[in-house]
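The values are calculated or read from the model by the stated rules, or taken from the named source; none is laboratory data. This is a predicted model, so every value here is computed, not measured. As a convention, Cβ positions derive from the backbone with ideal geometry for all residues, glycine included, and neighbour counts pool all protein chains shown.
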Amino acid sequence: MRMDDQFILGMANLWRTKLRTILTTLGVTIGIGALVSMVSFGTGMQKNVTQQFKENDLFTSLQVTPKKIDIDEAMSGNVESVVESLQEDTPVLDDSVLSQIRQIPGVAITFPEVQFPVKLKLGDHDTRTTLRALPADMGRYKPHNQLGHGRFFTDDSASAAIISPRVLKKLNVILQEGKEPADISLEDSLKGMRSLPADSILGRELEIITAVVDMAAVTRNPFRFLQPMATPPMTESLTRLPITGIRRPPGAFEGGGWLDAGIVIPIKTADAIPRLGFSSVWSLLSQSADSQGYSSLYVRLESIADIDTVKSRIENMGFGVFSILDQLKEMRRGFIIFDAVLGTVGAIALIVAALGIINTMVMSILERRREIGVMKAIGGSETEIKNIFFFEAGSIGLLGGVLGLILGWIVTRIANIVANYYIAREGGPHVDLFYIPLWLILGAMAFSIFVSLLAGLYPAVRAARVDPVEALRHD
């Protein structure tokens with residue numbers, strides 16, 4: 001019996017029991033649909049995070065600190081190890097170190113990391129956020145070279161401020177992107193939110209308020225503040241800067257911490273703003289009271305290929321180096337586990353469908369014993385009988401795999417629309433939560449066919465062992 005004859009016989013048998021075939025295929029379809037939709041959610045999360053890091057050019061960024069803080073030790077609760085490392089003598093991040101790092105091949109720009117809390121006031125509204133100081137050279141790199149409106153400053157001493165749309169919203173301003181006013185919900189309207197075009201915001205004076213020590217109060221009564229429970233004398237300092245740029249709306253997975261700030265100003269302009277003596281958490285963790293130097297340095301590389309070499313050379317100088325790329329490797333391990341868990345849930349549904357295939361094939365054997373006996377009586381081999389059942393099982397897997405991919409895509413589109421509806425209500429940007437790569441499509445199809453063939457193995461072997469004499473005598 002030729003191979004095409006075996007295939008035609010298998011398809012004819014499936015067509016003869018259409019309802020049973022449809023129900024069995026439907027089980028495979030649901031299993032593959034569940035598998036694809038769940039795994040695509042994990043791959044979508046990973047893609048969004050990685051893409052956001054790439055858009056902000058974070059893979060070529062390093063943060064250098066005087067002391068290497070083992071984040072894994074801290075997160076695991078090993079406080080003693082962290083405290084011991086903090087008590088050790090550490091090298092100082094000063095101008096000489098800054099100069100040495102700038103001379104390392106592959107380093108594009110290096111500067112002291114400066115950011116501190118401020119209160120911003122625009123008109124009658126105010127909010128609290130974090131101010132970050134950057135040199136004008138950073139305007140050549142992402143995301144600072146792709147502002148939503150306005151321009152990045154070109155002088156380290158310029159009187160300029162780049163503000164985030166999130167901070168504008170906290171200042172009761174919703175950015176009007178087009179000519180038509182932005183839609184404001186009733187809730188926002190009751191809060192006094194205003195829809196303003198970018199042109200009316202650019203050039204407006206922004207008040208930056210920082211906390212400083214009131215030295216006049218200390219001078220008047222120094223002994224009062226030496227008491228154990230005494231409150232330090234604080235006052236506010238006011239600095240006014242015009243808004244010269246507005247950042248693009250942030251992505252849904254935008255990084256935080258030292259990677260983000262509500263307002264950005266030139267680095268020398270920031271030096272002139274009175275503020276408290278520490279600029280970041282590293283100042284509290286890694287510097288003693290009598291130490292000199294910077295709390296941390298930012299290093300921007302020419303290419304991601306330089307990261308290992310530059311990081312190794314800086315670590316050999318005795319400093320701690322933090323890289324987003326290292327954290328991404330850990331995140332990828334987490335995503336693999338996450339995808340495996342989701343894939344397991346989908347695979348369970350497919351295994352249940354495989355039991356349906358076994359049931360369908362076994363019932364087919366019982367109904368077709370005479371047919372199988374006739375085929376063996378006229379010379380059909382056991383291998384040919386097996387192939388017929390394998391063709392039937394494989395066809396169910398192939399059809400179920402194709403329909404399952406379609407079902408999975410439809411489910412992910414509906415879920416994405418619903419999720420983005422609620423994200424938009426909260427003022428967040430549109431994001432594709434699901435991603436179906438080519439490897440997932442091919443893998444789902446291969447897995448569907450493999451499971452179906454595996455499910456058809458027992459019925460095929462059982463059919464091949466049918467005794468033709470007994471089968472014909474029975475009928």
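Of all residues in the stretch 139-164, those satisfying the criterion of being in contact with a Phe, Trp or Tyr (Cβ under 8 Å, 6 or more places away or on another chain) and modelled with pLDDT of 85 or more are Gly139, Ala160, Ile162. Within the stretch 231-245, restricting attention to residues that are at pLDDT 90 or above and surrounded by 16 or more Cβ atoms within 10 Å (Cβ to Cβ), which residue is farthest from the chain's Cα centre (by Cα)? Here the residue is Thr239. Is it the case that Thr269 is modelled with pLDDT of 80 or more and either assigned by TED's automatic domain parsing to the domain that holds Leu131 or surrounded by 16 or more Cβ atoms within 10 Å (Cβ to Cβ) (or both)? So Thr269 passes the test. The condition of being surrounded by fewer than 19 Cβ atoms within 10 Å (Cβ to Cβ) and modelled with pLDDT of 75 or more holds for only one of Ile304, Ile314, that being Ile304. Checking the stated criteria, Thr383 turns out not to satisfy the condition of being assigned to a helix (DSSP H, G or I), at pLDDT 75 or above, buried (at least 17 other Cβ atoms within 10 Å of the Cβ) and among the β-branched types (Val, Ile, Thr). Considering only residues in the stretch 374-420 that are of a type in the set (Phe, Trp, Tyr) and touching a helix residue (DSSP H, G or I) at 6+ places or on another chain (Cβ under 6 Å), the one that is farthest from Trp15 (Cα to Cα) turns out to be Phe390. Annotation note: of Arg151, Arg102, the sole residue that is surrounded by fewer than 16 Cβ atoms within 10 Å (Cβ to Cβ), in the same structural domain as Pro274 (by TED's automatic domain parsing) and over 16 Å from Val167 (Cβ atoms) is Arg151.
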